[in-house]
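First comes the structure, then the notes that go with it.
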Protein chains: 2
Amino acid sequence: VRRLERDDEDKGFLSLLSQLTTVGNVTSEQFASRLLDVRNGPEFVYVVEDGGAIVAAGTLVLERKFARGCGLCGHIEDVVVDERARGKGLGLVIVRALTRVAESVGCYKVILDCSEDNQAFYERCGMRRKEVQMALYF
Amino acid sequence: VRRLERDDEDKGFLSLLSQLTTVGNVTSEQFASRLLDVRNGPEFVYVVEDGGAIVAAGTLVLERKFARGCGLCGHIEDVVVDERARGKGLGLVIVRALTRVAESVGCYKVILDCSEDNQAFYERCGMRRKEVQMALYF
C-alpha cells in the first residue's frame, strides 16, 4: 500500500474508481494537475498495486478544525476494491493504512459515510455507527 | 453572514463552538494560526454576528476528488446556533450560505453528518438522507 503516483493513471486507477462512482472524462492533464493539488494534502490517496494494476484505493481528507484544541478530523472517502480482487482483505488494508495516516498526523478521530450494506465491514475495521449522512446534489 | 475574521475570537466564536463540541484550550496564537491556514480554503468558516457577538457559525470543507471529472465535494461541518438565538432561522441562514459557496466554487454535491434529531432541519434545507456515518476516535 502506497501513495498514488503519476503512472497509476496507466495502471487503471480511474477505471477502478469508476467501479465505485461516476468518473466521467478525466484527461491526462487533469489527472496530473489534480495529483499535484492533493500530493501534499489535505487529501492523501493510497492505492494497492498487484501485477501492474491498481486493485484497491482510498482517500483520507484532513479537515482543520477550531474545535478540539484546533484539532484535525480525518475523512475517509472513495474506498474501492477491484471486483476481481475482492475477498482478499484489501479493503481492510486500505482502511487501516488511511487510519494509520490519520492517527500519525494527529487526527482526534476518523469518520466516513457508507451504505447500510457496508456497515458490518467498517465495524470489522474498528469503527462504530454514529450519525446519519445528508446530501444535496447540484 | 460573512467569513470568520481575526476579532471573532473576542466576539465569542470559540464559546459558541463549545455549545456544539469540545473546544478545549485554544490560545490566541493558535486561533490566528489556524485562521490563516483555513482563510483561503479548502475550509471556509462563515459566521453571523448580532450585537457584537457571534451567534451562528458553520464550516464548508472542499474535497478535491478524481471522481466526477476531478470534481469538488463540499462537506458542511460544525453548524451551531447560540442557544439564546435559536428559533430565528439562523441555522438556515448559515446552511444556505455554505451551500451557495459550495455551488459557486463548482461542487457537484454538498454532504454533512447529523444526528437523527437534526434530520428534519436539514430536510428543510433541501437535503436528503443518504448513508450512515461511521466513526473511530483515537
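The values are calculated or read from the model by the stated rules, or taken from the named source; none is laboratory data. Predicted, not measured: the structure shown is a model, and the values here were computed from it. Every residue, glycine among them, receives a Cβ derived from its backbone with ideal geometry; neighbour counts consider all protein chains shown. When the accessible area is computed, the model is the full protein with side chains, heavy atoms only, and any ligands, DNA or RNA have been set aside. Shrake-Rupley method; radii C 1.70, N 1.55, O 1.52, S 1.80 Å.
Residues that are within 18 Å of residue B:43 (Cα to Cα) and among the acidic types (Asp, Glu) were ranked within the stretch B:88-117; the one that is farthest from the chain's Cα centre (by Cα) is B:103.
Among the residues of the stretch B:85-125, just one is surrounded by fewer than 13 Cβ atoms within 10 Å (Cβ to Cβ), in contact (Cβ under 8 Å) with a residue 12 or more places away in the chain and over 16 Å from residue B:71 (Cα atoms), namely B:124. Charged (D, E, K, R) and either touching a His at 6+ places or on another chain (Cβ under 8 Å) or farther than 18 Å from residue A:72 by Cβ (or both): which single residue out of B:64, B:84 fits that description? On inspection, the qualifying residue turns out to be B:84.
Going through B:37, B:82 one at a time, which residue ends up being more than 7 Å from chain A (Cβ to nearest Cβ) and either surrounded by fewer than 22 Cβ atoms within 10 Å (Cβ to Cβ) or modelled with pLDDT under 95 (or both)? Criteria check complete, one pass: B:82.
Do you know which residues across the stretch A:85-117 are in a helix (DSSP H, G or I), more than 8 Å from chain B (Cβ to nearest Cβ) and small (Gly, Ala, Ser)?
Matches in the stretch A:85-117: A:85, A:91, A:97, A:104.
Among the conditions (1) outside any helix (DSSP H, G or I); (2) out of contact with any Leu (no Cβ under 7 Å at 6 or more places or on another chain); (3) among the hydrophobic types (A, V, I, L, M, F, W, C), the only one that residue B:26 does not satisfy is (2). Kindly list, by first and then second residue, each pair from a residue in the stretch A:13-39 that is under 18 Å from residue A:2 (Cα atoms) to a residue that is of a type in the set (Asp, Glu) and open to solvent by 30 Å² or more (accessible area, probe 1.4 Å), limited to pairs with Cβ atoms under 6 Å and residues at least 6 apart or on different chains. Listed pairs, sorted by first residue: A:31/A:9. Being within 20 Å of residue A:23 (Cβ to Cβ), more than 13 Å from the chain's Cα centre (by Cα) and more than 7 Å from chain B (Cβ to nearest Cβ) holds for only one residue in A:120, A:57, A:53, A:135, and it is A:53.
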